[in-house]
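Novice: Sharing a structure, written as structure tokens. Questions coming.
Nothing in this text is a laboratory measurement; each read-out follows from the coordinates by a stated rule. Every value quoted in this text rests on a predicted model; they were computed, and no experiment measured them. Here Cβ is always computed from backbone atoms with ideal geometry, including for glycine, and neighbour counts include all displayed protein chains.
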Amino acid sequence: MVFSSHVFLFYFLPLVLLGYYLCPARWRQLLIALVSYVFYGWANPWFVFLMFFSTCIDYLCGQLISGRWTLAPFAADPPAGEGLASARQRKLALVVSIVVNLSLLGVFKYLGFAQTNLNWLLETFGREGVQVFSVVLPVGISFYTFQSMSYSIDLYRGEAKPARDFLDFACYVALFPQLVAGPIVRYRDLAEQLVSREHSARKFAAGVLFFAFGMAKKVLLANPMGQVADAAFGAGSLLWHDAWAGVGAYAFQIYFDFSGYSDMAIGLGLMLGFEFRRNFDLPYISQSITEFWRRWHISLSTWLRDYLYIPLGGNRISPRRTYANLAIVMLLGGLWHGAQWTFVIWGAIHGSLLALERWHDKRPIYSRLPGPLPALITFVIVLITWVFFRAESFGQSIDYVGAMFGVGGSEPAAALVGTLIYQPQFLIVFAACVLIHIFRLDTWDLACTLKPGRMILAAAALSVSIAILFTQAYNPFLYFRF
């Protein structure tokens, strides 16, 4: 189920809100957990069992790490303090949690990728390949496994307290507003809210505003830009300016699609009393790649920093080790997005740029240029990297980048692409996307102060979005495949 569907908007959400505010407070946690499982299992009920299995494993490991439960063979060492488990039990439970979660990702997301590459290697040396098994990718598995795994790691580090009971933890993992596409929420940030959270008319109104503007981003901006991007990337040959227009459209599509989903998730959370952190902060105004990653998908970049970059040594050991750590983190971050070499290359490029900027005192070489030029150059670099993220294959990405710089020539039919992508409605949306960044208009800033004019604008945006939604056949959510 997706937020931009009539089932969610007219049936699921109204019934959930009605039931939530009518039922006694002691039953609300159970209600959220149940409806979240319904939400997640709507497309494929079997996925629910996988998420429930992951939840049980991490809850069990959390109980062992916190010392609430004890494994007798591993309880020989005296505990470090009251209520703490032995060092052996804590380490074993942490390893089990990490191995199980990464194994789930490995089987469901990367098994086919590994088999395909193994076959290529075997065939290169004249060997017979293995049978490639096709495994359906469960929606949102990359998000909830990272989220659930962080609970065990934080407990082991002493940075979080164990869940009050299994229901609280199950509610945290399955919480439907941010379940399938983030933001990645850590248990320590929601622990107190799971026990007790504030409900108010002002908070609910802010939630409506977030949801309305998020829906508008998705339907009014991301979807039209997606049509332009699909036309450009689906063309066999492109003129240079059409290639730049196509990747620019994709940049706006992925930003407004994903940030719109995050806004809707934050809004739904507020309607239920939960407060999530900001996930996007106008990344295309960044003046460096380092700044870009402080503004783009903040919950993922901070997760990778805290659970991968810092444990690898961060920048504490040596400059060379810092560059290597950045490269490793971004390579794995690229692979997290999908089981394709294009994602790995995208991550490698960003890792190299981050290392280069750190070598140059955390600033790009062009940082001293006047006015908006640093931001413009950074945006151009990001556009080039988005080609590898969007392309279906490495070959297509190379051809597309070549077309952007007029390399390789173009066929006469390439001129027809312009008739598809330069239609008036697409040009208007393209201009709106640019102006939003020039004037730094963001949902988070607009929602800080609730004013009548903003609420009227949000209501109008939501109404128009819903009306247009039912006339659009094109309505993908990009991050559902990650």
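Novice: When the chain is fully extended, how far beyond the present Cα-Cα distance does L111 get from R320, taking 0.36 nm per residue of separation?
Specialist: Values: separation 209, 0.36 × 209 = 75.24 nm, distance 3.25 nm.
Full-extension gain reported as 72.0 nm.
Novice: Here is a follow-up. Under the 0.36 nm per residue contour assumption, what length would be gained going from the current alpha-carbon distance of Y11 and C23 to full extension?
Specialist: Gain in length upon complete extension: 2.5 nm.
Novice: Follow-up question, since we're still on this one. Find how much the distance from L457 to D165 grows on full extension, using 0.36 nm per residue of separation minus their present alpha carbon separation; answer in nm with one decimal.
Specialist: Answer, rounded to one decimal: 100.9 nm.
Novice: Treating only the Cβ of Lys, Arg, Asp and Glu as charged (+1, +1, -1, -1), what charge dipole size does the stretch 176-318 show about its Cα centre? Round to the nearest 20 debye.
Specialist: On the way: 13 positive and 11 negative charges, 81 e Å.
The calculation lands at about 400 debye.
Novice: In square nanometres, what is the average projected area of the Cα convex hull of the stretch 308-465?
Specialist: Computing the convex hull of the Cα atoms and averaging its projections yields 14.3 nm².
Novice: If you average the sequence gap of Cα pairs under 8 Å that are 6 or more apart and divide by the length of the stretch 6-196, what percent do you get for the contact order?
Specialist: Values: 208 pairs, mean separation 49.5, N = 191.
After rounding, I find 26 percent.
Novice: How big is D for the stretch 136-261, in µm² s⁻¹ as a whole number, if Stokes-Einstein is applied with the Kirkwood radius of its Cα pairs at 20 °C and 1.002 mPa s?
Specialist: 123 µm²/s
Novice: With 40 Å as the cut-off, how large is the P(r) tail for the chain, expressed as percent of Cα-Cα pairs?
Specialist: Beyond 40 Å sits 24 percent of the P(r) for the chain.
Novice: Given the C-alpha centroids of the stretch 194-270 and the stretch 94-108, what is the distance between them in whole angstrom?
Specialist: Answer, in whole Å: 31.
Novice: Sort largest first and round to whole Å: the equivalent ellipsoid semi-axes of the stretch 6-196, each the square root of five times a Cα gyration tensor eigenvalue.
Specialist: Largest first, the stretch 6-196 gives 32, 28, 11 Å.
Novice: Calculate how large, on average over all directions, the projected area of the Cα convex hull of the stretch 364-418 is; give the answer in nm² to one decimal. Before the final figure, lay out each step's value.
Specialist: Details: hull surface 21.2 nm².
Result: a mean projected hull area of 5.3 nm².
Novice: Then there is this: Give me a comma-separated list of calculated 3J(HN,Hα) values for the stretch 279-286, in order, Karplus coefficients 6.51, -1.76, 1.60 applied at θ = phi - 60°, integers in Hz, x for any Gly or Pro.
Specialist: Working through the residues one at a time gives 10, 9, 9, 6, x, 7, 9, 4 Hz.
Novice: Okay, moving on. Please state the charge dipole magnitude for the chain, taken about the Cα centre, from unit charges on C-beta atoms (+1 on K and R, -1 on D and E), reported in debye and rounded to the nearest 20.
Specialist: On the way: 35 positive and 27 negative charges, 233 e Å.
Roughly 1120 debye for the chain.
Novice: Diagonalise the Cα gyration tensor of the stretch 378-482 and give the resulting equivalent ellipsoid semi-axes, square root of 5 times each eigenvalue, largest first, whole Å.
Specialist: 34, 18, 15
Novice: Related question: Residues with beta-carbon under 10 Å from that of T302, excluding T302: net charge, scoring Lys, Arg +1 and Asp, Glu -1?
Specialist: +3
Novice: Which loop chymotrypsin sites (Phe, Trp or Tyr not before Pro) in the stretch 191-280, with loop taken from DSSP, have no more than 12 other Cβ atoms within 10 angstrom of their Cβ?
Specialist: none
Novice: Residue farthest toward the positive end of the dipole of the stretch 6-196, with Cβ of Lys/Arg at +1 and Asp/Glu at -1: which of A25, W46, C171?
Specialist: Final value for the positive-end residue is A25.
Novice: Starting from the Cα of L312, step 7 Å along the direction of its Cβ; do the same at W359; then give the gap between the two resulting points in nm.
Specialist: 1.6 nm
Novice: Put +1 on the Cβ of every Lys and Arg and -1 on every Asp and Glu Cβ in the chain; which of A467, G371, S393 then has its Cα farthest towards the positive end of the dipole?
Specialist: G371
Novice: Using a simple spin-label model with points 7 Å from Cα along the Cα→Cβ vector, what separation in nm is obtained for I384 and Q396?
Specialist: 2.2 nm
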